[in-house]
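The values are calculated or read from the model by the stated rules, or taken from the named source; none is laboratory data. Because the structure is predicted, anything quoted here is derived from the model rather than measured. Don't worry about glycine lacking a Cβ; one is built from the backbone with ideal geometry, like all the others, and counts go over all protein chains shown.
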Amino acid sequence: MLPYLIFTYRFNLDRARTLVRDLSDEETVRQPHGVVNHPAWTLGHLAQASNQLAIGLGLESTFPAEWKEAFRTGGTPSGDASHFPPKAALLAELAAQHERVAGALEGAEPVALEAALARAHPNEGTRQRFPTVGDYAVFLITSHEGSHLGQIAAWRRAMGLGSATGI
């Protein structure tokens, strides 16, 4: 099952790049027709979520501390471009976090990985929805990323940009 999850994770990273490839830094923070989660926030949020997954897998945090407030869950993204890193930096951070997680999953000894994924989620609040690190990992790699990438696709339509994927 692991190779399929990693395939999906890498597919999602490619899809993120595709969805924003034609956008300027200024465009990535626009909030058309009340669409609050713009691409700049979404890319940073996904990178932060992948960093959290890396921590759950036993790695140290590498997410830029100065970015944490801008991408916190539950916050309201600003439409001010000065509050966000440039698109290139966001994509680089997302790619770095993806590589860390994929590398940890691929490089782990199977028995150790199974034990790590079977551990109870360390955050009590999160544990109510995702009892184990594995439950959370599969959610973040699949549903969470897919949902947010769908938001970027819908944002593109609200911006009048059309599909970035030809679909």
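In the set LEU59, LEU5, which member is assigned to a helix (DSSP H, G or I) and of a type outside the set (Ser, Thr, Tyr)? Give the steps one after another, and end with the answer.
Numbers: LEU59 fails: assigned to a helix (DSSP H, G or I).
From the options LEU59, LEU5, the qualifying one is LEU5.
Residue by residue, here is whether (1) small (Gly, Ala, Ser); (2) in contact (Cβ under 8 Å) with a residue 60 or more places away in the chain; (3) out of contact with any Ser or Thr (no Cβ under 8 Å at 6 or more places or on another chain); (4) loosely packed, with under 14 Cβ neighbours inside 10 Å holds:
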site: VAL36; (1), (2), (3), (4): no, no, no, yes
site: LEU46; (1), (2), (3), (4): no, yes, yes, no
site: GLY58; (1), (2), (3), (4): yes, no, yes, yes
site: TRP67; (1), (2), (3), (4): no, no, yes, no
site: GLY74; (1), (2), (3), (4): yes, no, yes, yes
site: PRO77; (1), (2), (3), (4): no, no, yes, no
site: ALA95; (1), (2), (3), (4): yes, yes, yes, no
site: LEU105; (1), (2), (3), (4): no, yes, yes, no
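What residue, of ALA49, ALA115, ALA95, is more than 21 Å from GLU145 (Cα to Cα) and either modelled with pLDDT under 95 or in contact with a helix residue (DSSP H, G or I) (Cβ under 9 Å, 6 or more places away or on another chain) (or both)?
Details: ALA49 fails: more than 21 Å from GLU145 (Cα to Cα); ALA95 fails: more than 21 Å from GLU145 (Cα to Cα).
Matching residue, one of ALA49, ALA115, ALA95: ALA115.
In region 66-82, how many are closer than 10 Å to ALA40 by Cα and in a helix (DSSP H, G or I)?
Total meeting the criteria: 1.
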